[in-house]
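Novice: Handing you this structure, nothing more for now.
The values are calculated or read from the model by the stated rules, or taken from the named source; none is laboratory data. As the structure is a computational prediction, the values presented were derived from the model and not from experiment. Cβ sites come from the backbone with ideal geometry, for glycine too, and all protein chains shown count toward neighbours. Ligands, DNA and RNA are stripped out before the accessible areas are found, and what is left, the full protein with its side chains, is counted by its heavy atoms. Shrake-Rupley method; radii C 1.70, N 1.55, O 1.52, S 1.80 Å.
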Amino acid sequence: MKLILLGAPGTGKGTMAQRLRDDLNIPQISTGDIFRKNIKEETPLGLQIKDLLARGEFVPDDITIAIVKNRLAESDCANGYILDGFPRTTAQAEALDSFQNIDCVINLHGEPEAIIARLAGRRFCPACNGTFHTSRLQSETVCPVCGGNLIIREDDREETVRKRLEVYSTTTFPLIEYYEKKGKLRTIDGDRYVDDVYDDILAVLKK
Ligand code: ADP
Ligand code: ZN
């Protein structure tokens, strides 16, 4: 199954994508993870995009499209995949349509105030790429999976979050209409307990 997960930052998109990856046994392709890995490893791409990400701005479409196109051509994507964080612009969606046939687009809907509250408590583990929420952590600094040091992502700072939500509503929101017209969009209320949201997603995919 070839899936896209759409949703504003902080709707739990990444968490849902990880669960689907484990349950459906198909790779999760997160452009955000790919970019952060390049920044961490100080690759030429990483050095080029570091400041953009810190400011909450987008990586240019041509760079992003080329990376995803190459990634989807790898053999582990043959039976399907979950796209998390791509496409984010109409140009990216049109490019994707030119080389892939997507089965379903899950749209996780979240209210901005709920999102800001959620992201303020988000912690990230650079060692294992895990994302957690302070409300469910015993310690705000220790990764419950690998024991690594948890950090607040640069782009989770409130100012940056507001900027990202603004960017989302102007550039990514039009994708909802784009996929609705194609009859591929399924909208789910993301402002609920993670397990309930996930159950809804599975129910939608079974149809
Ligand atoms: P989120 O927490 O919003 O899911 P991601 O981890 O997906 O954030 O992405 C982090 C950052 O990486 C974005 O703010 C943006 O700068 C960049 N990025 C990720 N995916 C894309 C994309 N498809 N197009 C352009 N920029 C992207
Ligand atoms: Zn960890």
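So that you can scan it fast, the table gives a plain yes or no per residue for (1) among the hydroxyl-bearing types (Ser, Thr, Tyr); (2) over 14 Å from the mean Cα position of the chain (by Cα):
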residue: ARG55; (1), (2): no, yes
residue: PRO60; (1), (2): no, yes
residue: SER75; (1), (2): yes, yes
residue: ASN79; (1), (2): no, yes
residue: ILE82; (1), (2): no, no
residue: ILE106; (1), (2): no, no
residue: HIS109; (1), (2): no, no
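Novice: Continuing with the same structure: Regarding GLY121, is this residue closer than 17 Å to LYS13 by Cβ, open to solvent by less than 70 Å² (accessible area, probe 1.4 Å) and away from ligand 2 (no atom under 16 Å from the Cβ)? Please lay out each step first, then the result.
Specialist: Working: closer than 17 Å to LYS13 by Cβ: yes; open to solvent by less than 70 Å² (accessible area, probe 1.4 Å): yes; away from ligand 2 (no atom under 16 Å from the Cβ): yes.
When the stated conditions are applied, GLY121 passes them.
Novice: With THR64, THR43 as the choices, which residue is of a type outside the set (Phe, Trp, Tyr) and near ligand 1 (Cβ under 10 Å from one of its atoms)?
Specialist: Result: THR64 is the single residue among THR64, THR43 that is of a type outside the set (Phe, Trp, Tyr) and near ligand 1 (Cβ under 10 Å from one of its atoms).
Novice: Going through segment 124-138 one residue at a time, which ones are open to solvent by 40 Å² or more (accessible area, probe 1.4 Å) and more than 14 Å from ligand 1 (Cβ to nearest atom)?
Specialist: ALA127, CYS128, SER135, ARG136, GLN138
Novice: Under 8 Å between Cβ atoms, at least 6 apart or on separate chains: pull out the pairs that start in segment 153-166 with a residue that is in a loop (DSSP other than H, G, I, E, B) and end on any residue that is of a type outside the set (Asp, Glu).
Specialist: The qualifying pairs are ARG153/ARG122; ARG153/PHE124.
Novice: Now for a different question. What is the number of the single condition among (1) more than 16 Å from ligand 2 (Cβ to nearest atom); (2) open to solvent by 80 Å² or more (accessible area, probe 1.4 Å); (3) farther than 20 Å from CYS104 by Cα that ASN149 does not meet?
Specialist: (1)
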